[in-house]
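One structure below.
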Amino acid sequence: MNFESSTNSVAVSVKQVLISVLELQLEVSELDEGLSLRSDAIGMDSLTLLHIIAKLEQELSFEIDDEAMMSAKLVDVGSLVELVRSHVVGRPAGNEASSAKYEAIE
Amino acid sequence: MIKQLNTGIEVPNLQPGQVPSHWYNVVADLEGYVSEERRPARQHSEEDLRPQLPLSIYRQSVSSKPFIAIPAEVRAQYERWRPTPLVRALRLEQMLQTPARIYYKYEGASPSGSHKLNTAVAQAYYYKEAGVRELVTATGAGQWGTALAMACAMYDLRCTAFMVRCSYDQKPQRRTLIEMHGGRVIPSPSRITEAGASILADDPDCPGSLSIASSEAHEYATRTAGARYSAGSGDNHVLLHQTVIGQEALAQIRSLGDYPDVVVAALGAGSNFAGIAMPFYRESRLTGQKTELVAVEPRACPKLTRGIYTWDYHDALGNTPMSKMYTLGHSFIPSPIHAGGLRYHGAAPVLSWMYHEGLISAVAYGQKAVFEAAADFIRAEQVIPAPESAHAIRYVIDRAKKARETGTRETILFNLSGHGLMDLGAYQTWMSGQLDDDCAADADVERALAELSRKTAE
């Protein structure tokens, strides 16, 4: 699978999980990446976010480290797709863990 | 083996290398229980999507694996004081003239004085790994606040504890202890949060409750850069971390050729009860050897024996997600009994489910009867129990007396979850005959449950 199709498949997977977990009455193609995660239409809280990430980790066989998750600035569906994509398609090499790698958490 | 000085009985002395290597996850053995089932919190601010839990801890809380490895660094910390002693209470048996054999697992031996350090250390480790700089929490009598302050000091984290006001006033030395370990203590309700200010606006003399302190701690953690909320009980991962207690007790009592017919512990939200009881639940499933699991709660806050099993918030103002639990209603404020650690409106969701399924049982006592039992225990065993732990002792003594009447040679194991050396003021009050015997008023319970119905209907 080439880079572009990997990226697209990640986006589809993220949207499918969002729709399933949040019980959205939407098709994947209808879920706009610009939709805010804090909107009434999405209605997500921080625990649900962790639940979605944990589910995606299992489905896409990747793992986000705690610091990356804690410092992630997630605003809309697109930012969630990007977070997952960066860990699936562009997997970090090795286990180098440096707090300098991430912005200080807020 | 070592010989107990006060009884001459040989007791198992596990070595530090025998600290469990894994936590036991009871969720894996509960057919039909859904750990992720939850109703999302209402959103109030842009910061609401910031995870309050490290992802590692979240994975633990929803895992289907029966055993989860304890990180080497956390286990190394545990080895500073674990395994904790399993003690045969022979002098108590002799005092009661009972054929029952009574054992207690003494968690008061930890550096913080209670079982709370088992999860505090684990949580501080994971939060530090996640880049968090400060942990914020709610504490009742102060055992959890003490443990978290100590754990934060181990990992160079700041610690802020909202302490229930009536306990803050009753136990000034507990505040000192938290501050000596580098923590900051704020009496709750306070005016530094909107949650606290709203409570004080309605009731300036509010004695506070753990659910109010939780509301304040959540709000403070949400708005403070680098800070996250840490829970001392109730959540699945907290119960998980505490199972080192029961795993050790299982090995210790087995090495004596004995096995409990009943395991008893006090229940606030459920961490010390789950800690000692859940490994025995697993053993019952594996071996068929039945052990009763009995939770003991205060009559002033009887969520299992008088609450209802429904969806409720974890905090007083309804700003947290809802879980299904036995609850008296999140707005219920218990009377200011001395067992401040048991003054929480709801039982842990997993324990609530187990109680609903008949897998555990519960009893409730007033605090006078509890202190009377504590006094008997002190005379016999010369150990001062925390008022919370003394609830278990009340049941144990009653059970041992019944065993004497029926000639039942049974084995009773209870968790002595903490020492009471910071609670001597409470014992002084009892000795002077000024201890109130409180029972949750029907009207207060009905009002809080009606408030819950109204809020969930909105």
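With contacts taken as Cα pairs under 8 Å and at least 6 residues apart, chain B reaches a relative contact order of 19 percent. For chain B, the solvent-accessible area of protein heavy atoms averages 35 Å² per residue (probe radius 1.4 Å; ligands and nucleic acids excluded).
Given a 1.4 Å probe and no ligands, DNA or RNA in the count, how much accessible surface is buried by B and A, both sides, to the nearest 100 Å²?
On the way: alone 17320 and 6720 Å², together 21670 Å².
By this definition, chains B and A bury close to 2400 Å².
How much mean residue ellipticity at 222 nm does chain B get from its helices, if each DSSP H run of length 4 or more adds -39500 (n - 2.57) and you divide by all residues, to the nearest 500 deg cm²/dmol?
Details: 18 runs with 192 residues, N = 458.
After summing the helix terms and dividing by the residues of chain B, the value is -12500 deg cm²/dmol.
Shown for segment B:329-458: the carbon plus sulfur share of the solvent-accessible area, taken with all protein chains present and a 1.4 angstrom probe, equals 49%. Between the helical axis of B:117-129 and the longest alpha-carbon principal axis of chain B there is an angle of about 40 degrees. For chain B, B:Cys166, B:Cys206, B:Cys301, B:Cys439 have no disulfide-compatible partner, since no other Cys C-beta lies under 4.7 Å from theirs. Extending 7 Å from the Cα toward the beta-carbon at both B:Trp81 and B:Ser21 defines two label points whose distance is 2.6 nm. Residues of segment A:14-48 that bury at least 20 Å² of accessible area once all protein chains are present, compared with their chain alone (1.4 Å probe, heavy atoms only, ligands and nucleic acids left out), are A:Arg38, A:Gly43, A:Met44, A:Asp45, A:Ser46, A:Leu47, A:Thr48.
Given chain B, what percent of its DSSP beta bridges are antiparallel, to the nearest 5?
Values: 18 of 51 bridges.
Beta bridges within chain B, antiparallel portion: roughly 35 percent.
Averaged over peptide B:317-325, the number of partner chain Cβ atoms lying within 10 Å of each residue's Cβ comes to 1. Taking the Cα centre of segment B:334-392 as origin and assigning +1 to Lys and Arg Cβ atoms and -1 to Asp and Glu Cβ atoms, the resulting dipole is close to 160 debye.
Distance between the pseudo-spin-label points of B:Lys368 and B:Ala225 (7 Å out from Cα toward the beta carbon): 5.6 nm.
Given charges of +1 on the Cβ of Lys and Arg and -1 on the Cβ of Asp and Glu, with all other atoms neutral, how large is the dipole of the protein assembly as shown about its Cα centre, in debye to the nearest 20? If you can, show how the numbers build up before the last one.
Values: 53 positive and 68 negative charges, 400 e Å.
Charge dipole of the protein assembly as shown: 1920 debye, to the nearest 20.
The Cα center of segment B:56-95 and the Cα center of segment B:144-183 differ in position by 22 Å. Solvent-accessible area assigned to carbon and sulfur over segment A:30-73 amounts to 41 percent, based on a 1.4 Å probe. Legend: P(r) of chain B from all alpha carbon pair distances, 20 Å bins from 0, whole percents, reading 27, 61, 12, 0. Expressed in Å, the radius of gyration and Dmax of the Cα atoms of the protein assembly as shown are 23.7, 80. The 1.4 Å probe gives accessible areas that order A:Asp40, B:Asp438, B:Asp29, B:Asp261, largest first, as A:Asp40, B:Asp261, B:Asp438, B:Asp29. Once backbone amide H atoms are built at 1.01 Å from N, B:Val185 has B:Ala161 as its partners under 5 Å, excluding neighbours fewer than 5 places away on the same chain.
Given R₀ = 51 Å, what would the calculated FRET efficiency be for A:Ser61 paired with B:Glu446, taking r from the Cβ atoms and rounding to 0.05? Kindly include the intermediate steps, with their values, before the conclusion.
Values: r = 51 Å, r/R0 = 1.01.
Here the calculated transfer efficiency is 0.50.
Full extension of the segment from B:Glu179 to B:Asp202, taken as 0.36 nm per residue of separation minus the current Cα-Cα distance, would add 5.3 nm. Largest accessible area first, the residues B:Cys439, B:Cys152 order themselves as B:Cys439, B:Cys152 under a 1.4 Å probe with ligands, DNA and RNA left out.
For segment B:254-387, what is the relative contact order in percent, using Cα pairs closer than 8 Å and at least 6 residues apart in sequence? Walk me through the intermediate numbers first.
Details: 221 pairs, mean separation 32.5, N = 134.
Averaging sequence separation for qualifying contacts and normalising by length gives 24 percent for segment B:254-387.
The H on the amide N of B:Arg101, modeled in the peptide plane, is under 5 Å from the matching H of B:Glu410, B:Thr411, B:Ile412, each at least 5 residues off or on a different chain. Over the Cα atoms of segment B:233-370, each weighted equally, I'd like the Debye log10 I(q)/I(0) at q = 0.09, 0.19 Å⁻¹, rounded to two decimals. Results for segment B:233-370 at q = 0.09, 0.19 Å⁻¹ read -0.27, -1.07. In degrees, nearest 10, range 0 to 90: what is the angle between the Cα axis of helix B:367-381 and the longest Cα principal axis of chain B? Value to nearest ten degrees: 40.
Relative to its residue count, segment B:100-190 spans a Cα convex hull of 106 Å³ per residue. Annotation for A:Lys73 and B:Tyr33: the two label points, set 7 Å from Cα along the Cα-Cβ direction, are 4.0 nm apart. Where the alpha-carbon atoms of segment B:338-458 are placed on the principal axes, they occupy 54, 36, 24 Å, in descending order. Pair-distance distribution P(r) for segment B:224-290, from all Cα-Cα distances in 5 Å bins starting at 0: 4, 17, 23, 22, 13, 9, 5, 3, 2, 2, 0 percent.
The values are calculated or read from the model by the stated rules, or taken from the named source; none is laboratory data. None of the values given here were measured: they were computed from a predicted structure. With ideal geometry, Cβ positions are generated from the backbone for all residues, glycine too; neighbour counts draw on all protein chains shown. Note: accessible area is taken over every heavy atom of the protein model, side chains too, but ligands, DNA and RNA are not part of it. Shrake-Rupley method; radii C 1.70, N 1.55, O 1.52, S 1.80 Å.
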